[in-house]
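The values are calculated or read from the model by the stated rules, or taken from the named source; none is laboratory data. In this text, all values refer to a predicted model and were calculated from it rather than measured experimentally. So basically every Cβ, Gly included, is an ideal-geometry build from the backbone, and we count neighbours across all protein chains shown. The protein model used for the area step is the full one, side chains on, heavy atoms only, and it has no ligands, DNA or RNA in it. Shrake-Rupley method; radii C 1.70, N 1.55, O 1.52, S 1.80 Å.
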Amino acid sequence: MLKISLAQLNPTIGDVEGNAALMREAAKAALAQGAAIVVFPELSLTGYYPADLLDDKAFQARIQATLQGLVAASNETPGLYWVVGTPTPNIYDGASFAVEPRRGVVFEAERFVSSLATLTFDPQTRKFLGANGEAPPPVSPSGLAPSEFYRRQIVLGLRDYARRCGFSKAVVGSSGGIDSALTLALAVEALGAQNVTALTMPSEYSSAGSVSDSDLLCRNLGITLLTHPIRALVSGYKAQFEETTRDPLKGLALENLQARIRGVVLMEYSNSYGHLLLTTGNKSEISVGYCTLYGDTNGGLGLIGDLYKTEVFALSRHLNEVAGRELIPRTIIEKPPSAELAPGQKDTDSLPPYEILDEVLKVLIEGERLAERERAGAEGEMARLSASAEGRALIERVKKMIARNEYKRRQAPPILRLRARAFGSGRQMPIAARY
């Protein structure tokens, strides 16, 4: 019988000494459980992925010195072989697994937590058993449902990002809409209600419902809501612009001004109190440029930037189901999406319905990387649209919007990667190009 321990660790990029300590602790625990082999994730010592940090001479020297220490530590665990394995490419969900040729996956460790799982391999039957020879727990063939998977990904991603970057508190602009509501709810789960602050910044175009919905949301989440009206600030900017240029500020420029003033207020709060500012843009809006540079794109991290708008609604409903109550008020979930930067404005004034837009975006951005069922649905919608001149025009319009707004995505804060192809390192297109 051969005992193998799977060390499911959560190393920090660059912290070679701390990561080595995690490896030593796991090796000692594996040895205590009678293991002959302990398997670690890829790049456990440096953290995944160190990128150009590997070119730093001082970092290289730390790696070499720490490696020597690990060699000495391995000598202190005689009979235990240390092996490096491979992680997943996204926010690392754990789920270390064992596979048999005929039965496939026969063991899967818990997702999104650090753990040490020891298995016994019988070379005669070529089967895996538990540490004490018992049958391993059954593996769910379907895994986690998408919304639950996203929830755990985002919570772990924010928690790790904040801890590793030295943040303990976060601030979010609360518009009374679905994106900021979901961002706040996830931030509370990751950091605790006492560590999350919301700011509502009503303008002359904000509906009374947006303010009251923000208040109800924050009461449901148990977080502080601060009100910082921007009407006077907008009026001051408009007056100064007209005095300088002899032209009134109007149209898109005026709409963007409101978003940028809100961005300034949020950055003032972040700088004053040391909170991490979380952006609230979703993948649908980021794809087509439905966001304002130096406004609602301000911040240090985007939690839902890799979720399409329809997924934002689905995850919001899922959070309520998990909680067994309305964390995110029903009025927010059922409200037609709007930036509220002009009278009576709705997202559908300038965008196709998200149920259609998202399917088009999935094909254009992720294509063959989509899961089989999701790809079939998205390609089916594309085929339906392509059957009419109006539908073909819509597809071409969306293509141009994606291409035209690459410059915005290059200047946006990092987002948590949740899907097969995310903006940022996952997808970069030329800016000054014609295609």
Residue among A376, A371 that is open to solvent by 40 Å² or more (accessible area, probe 1.4 Å), among the aliphatic types (A, V, I, L, M), over 22 Å from N282 (Cβ atoms) and more than 18 Å from the chain's Cα centre (by Cα): A376
Filter result for the condition that a residue is of a type in the set (S, T, Y) and free of Cβ contacts under 8 Å to residues at least 40 places away in the same chain, over T292, T310: T292
Residue within segment 410-423 that is assigned to a loop (DSSP other than H, G, I, E, B), without any contact (Cβ under 8 Å) to a residue 24 or more places away in the chain and basic (K, R) present: no
Residues of segment 1-17 satisfying the condition of being of a type in the set (D, E, K, R) and farther than 29 Å from F59 by Cβ: K3
Given (1) at pLDDT 90 or above; (2) under 27 Å from Y150 (Cα atoms); (3) surrounded by 11 or more Cβ atoms within 10 Å (Cβ to Cβ), index of the condition R384 fails: (2)
One residue from G324, G344 being open to solvent by 30 Å² or more (accessible area, probe 1.4 Å) and at pLDDT below 95: G344
Qualifying residue in segment 153-168 (condition: of a type in the set (S, T, N, Q), in contact with a Lys or Arg (Cβ under 8 Å, 6 or more places away or on another chain) and touching a residue at least 40 places away in the same chain (Cβ under 8 Å)): no
Selection count, segment 293-314, where residues are of a type outside the set (D, E), open to solvent by less than 10 Å² (accessible area, probe 1.4 Å) and assigned to a loop (DSSP other than H, G, I, E, B): 6
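Residues checked against (1) touching a residue at least 12 places away in the same chain (Cβ under 8 Å); (2) surrounded by fewer than 21 Cβ atoms within 10 Å (Cβ to Cβ):
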residue	(1), (2)
L225	yes, yes
P229	yes, yes
T245	no, yes
G251	no, yes
G263	yes, no
N282	yes, no
Candidate set: segment 368-395, residues that are of a type outside the set (A, V, I, L, M) and touching a residue at least 24 places away in the same chain (Cβ under 8 Å); chosen: the one farthest from R419 (Cα to Cα): E381
Lone unmet requirement of (1) touching a helix residue (DSSP H, G or I) at 6+ places or on another chain (Cβ under 7 Å); (2) closer than 28 Å to G192 by Cβ; (3) among the aromatic types (F, W, Y) for Y294: (2)
Test: residue in segment 332-342 that is under 22 Å from G222 (Cα atoms) and under 23 Å from the mean Cα position of the chain (by Cα): yes
Residue list for segment 325-359, filter: closer than 18 Å to A314 by Cβ and not in a loop (DSSP other than H, G, I, E, B): R330, T331, I332, I333, E334, D347, Y354, E355, I356, L357, D358, E359
Residue in segment 246-264 that is closer than 30 Å to E321 by Cα and of a type outside the set (S, T, N, Q) present: no
Criterion: over 19 Å from G222 (Cβ atoms) and surrounded by 21 or more Cβ atoms within 10 Å (Cβ to Cβ) - qualifying residue of S175, S147: S175
Check on G305, in contact (Cβ under 8 Å) with a residue 40 or more places away in the chain and touching a Pro at 6+ places or on another chain (Cβ under 6 Å): no
